[in-house]
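Read the figures in this text as sums done on the coordinates, not as results from a lab. In this text the structure is predicted, and so the values were computed from the model without any measurement. Cβ atoms come from the backbone with ideal geometry, glycine included; neighbour counts cover every protein chain shown.
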Amino acid sequence: MTLTATQAKPAPALLPRAGGVRGALSDLFWRRPKLLLLLMLLPPVLWLGIVYVGSLLALLLQSFFSIDEFSGLINRQFTLKTYGDLLQAANLDIILRTVTMAALVTLASAIIAFPIAYYAARYARGRWKALFYLGVMLPLWSSYLVKIYAWKLILAKEGILTWLLAKLHLLWLLDGWLSLPIVGGNSLSVSSTGTFIVFVYVWLPFMILPVQAALERVPGNLVEASSDLGASPGQTFRNVLFPLALPGIVAGSIFTFSLTLGDYIIPQIIGTSRLFIGQAVYSQQGTAGNIPLAAAFTVVPIVIMGFYLWGAKRMGAFDAL
Amino acid sequence: MRSDGSSSAPLGLKVAATGGLLFLHLPIFLIFIYAFTTEEKSFAWPPPGLTTQWFAVTWNRPDVWEALSLSVRVAAISTLVALVLGTLCAAAVSRTRFFGRETISLLVILPIALPGIITGIALRSAFSLAEIPFSFWTIVLGHATFCVVVVYNNAVARFRRTSGSMIEASMDLGADGFQTFRHVVLPNIATALLAGGMLAFALSFDEVIVTTFTAGQQQTLPIWMLEELIRPRQRPVTNVVAMVVVLVTLLPILVAYYLTRDGDQIAGSGK
């Protein structure tokens, strides 16, 4: 039925017209494919347009309102004051912290993802290939909260990691790391290092899949040719594999970057009391009741991701998705 | 590489790949052990003893059952809505060229391309502007919106592989549009829809970020877990619930994978 639109002009019907409302409708759709197309598109477009885009625009609009500091009421007049508030040192600090974290998480995910993706693309065959695929898919789809909870268990002071390091007589290493400023803290589960580890863990599958897709397209003889011509494995990686895998890495980094920018649950459960953008949005709209500032805060990841996607598109990352 | 059979991975690569996969799986595995621990007050490792009593305790907790039932109902209704909207959209986009086609693909993908917190706060502020009170349906509204994309992705991939000449043949043989849909189109896309529906269910069942904004005082299972994570009340019960959640989400993913593994695009490769 959906094919009808590709038919330019239907030939006159040889069959007798089908009877009833159903037949009439069927004939109508055959003669007027545009009508059918319209009817098919109407429900999803209305739903997404009204529910999603509608509320998104309403939110953006509210970022141009401001809050009256004395009464706490929202002043519905166009102003850029809220965006001015966004540039206060404390808020800039939050933005900078979140972006740095997103960049570090992206870098670490790329480093851990590459060997898995490369092995799966080049060496795994048949049953192993399926196993590798499921091995990445299952953690990707496992419950987000359960994954965070698992790390709360691991990183707790009395947890398995401390126990393991004690068995290996490496506890001094952990204590040394935790005594450092910024990355350290009382225990791993209340330090920035903990937040970083959990972010990397939770978003890693989003990096592996596109990198693997990009590497699948690299012909194996390219790597062989490179080594035949005398390149060391390191040189082959730098000059052949890495440039070809780059669109996949950029595609994966869209996810790791965007997801880190918008997350507010991971830093709330594992990490310090220093806020990230997501937490700032949450507390501004919740306890503070300052919807305009919360809305202005959400514009930050939208703008950053806008530039990011634009750059990624120029690097051809979308073909690797 | 496929030409020479002698290729075997260098040791370093093997170690790094195995290490990476272990890093992905061991934490989830740990949940299963903690569900049996006798320790109540802390996350102590190794567990001082093993017991199955927490399964019985969890079974008798009405708040867990209520949260589970709400989650299942929300996920079922959202999946249904997403199935209808996603299939309609995929059918329209994959078979015809029309003005604004790219925009529609973007529109479908946007709800999961943008961080969940943006979707969440946008919906919440829209509800408060329109003075809609929080209810079962406000949760469904949010969930269905981002579930459309998984159904859409699966259906588009299948439509692309289904040959259009079959539909022509059916019409030529005298079937009307509805008969063609029922006997030709539907059997062809059925497994893709089932896979998409499974993934949509898993996505909705697990969703927490958007839900915190659209649920009000209601508790879905992920919200219940989030509360426990922030203010732990009974850790062993949380352990058991976490294990059950892993198992419940595992099944739909495996089924979706087996339904679509022969295709060019395997379900779930993008969340």
Worksheet, complete the sentence: Once the in-chain neighbours fewer than 8 apart are removed, the aspartates and glutamates whose Cα is under 14 Å from A:K167 read A:E158
Worksheet item: Ranked from highest to lowest mean number of other Cβ atoms within 10 Å per residue, what is the order of the peptides B:200-212, B:72-84, A:91-103?
Response: B:200-212, B:72-84, A:91-103
Discussion item. For region A:143-191, what does the relative contact order come out to in percent, with C-alpha contacts under 8 Å and a separation of six or more?
Written reply: 31 percent
Worksheet, complete the sentence: If B:S94, A:S71 are placed from fewest to most neighbouring beta carbons inside 10 Å, the sequence is A:S71, B:S94
Worksheet item: What does a probe at A:V53 reach in region B:139-154, counting residues whose amide N is under 14 Å from the point 7 Å along Cα→Cβ?
Response: none
Worksheet item: Say the dipole of chain B comes from +1 at the beta carbon of Lys and Arg and -1 at that of Asp and Glu; which of B:A76, B:T138, B:P47 then lies farthest toward its positive end?
Response: B:P47
Worksheet, complete the sentence: The lysines whose Cα lies under 29 Å from the Cα of A:K34, excluding any fewer than 8 residues away in the same chain, are A:K9
Practice prompt. Give me a single rounded figure for B:85-92: the average over its residues of other chain Cβ atoms within 10 Å of their Cβ.
Written response: 6
Practice prompt. Would you mind putting B:235-247, A:234-246 in packing order, based on average other-beta-carbon counts within 10 Å, highest first?
Written response: B:235-247, A:234-246
Worksheet item: Could you work out the helix-only [θ] at 222 nm for chain B, with each DSSP H run of four or more residues adding -39,500 (n - 2.57) and the total divided by the number of residues, to the nearest 500 deg cm²/dmol?
Response: -23500 deg cm²/dmol
Worksheet item: Charges only on Cβ, +1 for Lys and Arg, -1 for Asp and Glu: so what's the dipole of region A:117-175 about the Cα centre, in debye to the nearest 20?
Response: 380 debye
Worksheet entry | Percent RCO, i.e. relative contact order, over chain A, from Cα pairs under 8 Å lying at least 6 residues apart | 22 percent
Discussion item. Just want to confirm a number: the relative contact order over region B:59-260, from Cα pairs under 8 angstrom separated by 6+ residues, in percent.
Written reply: 34 percent
Worksheet item: Which of the lysines could a cross-linker bridge to A:K313, judged by Cα under 25 Å and excluding same-chain residues fewer than eight apart?
Response: B:K271
Worksheet item: In this model, which of A:K152/B:K41; A:K152/B:K14; A:K147/B:K41 are farther than 25 Å apart at the alpha-carbon?
Response: A:K152/B:K14
Item to complete: Determine the dipole magnitude for region A:86-320: charges of +1 sit on the beta-carbon of Lys and Arg, -1 on that of Asp and Glu, nothing else is charged, the reference point is the Cα centre, and the result goes in debye to the nearest 20.
Response: 300 debye
Worksheet, complete the sentence: When B:C89, B:C147 are ranked with the fewest other C-beta atoms within 10 Å first, the list becomes B:C89, B:C147
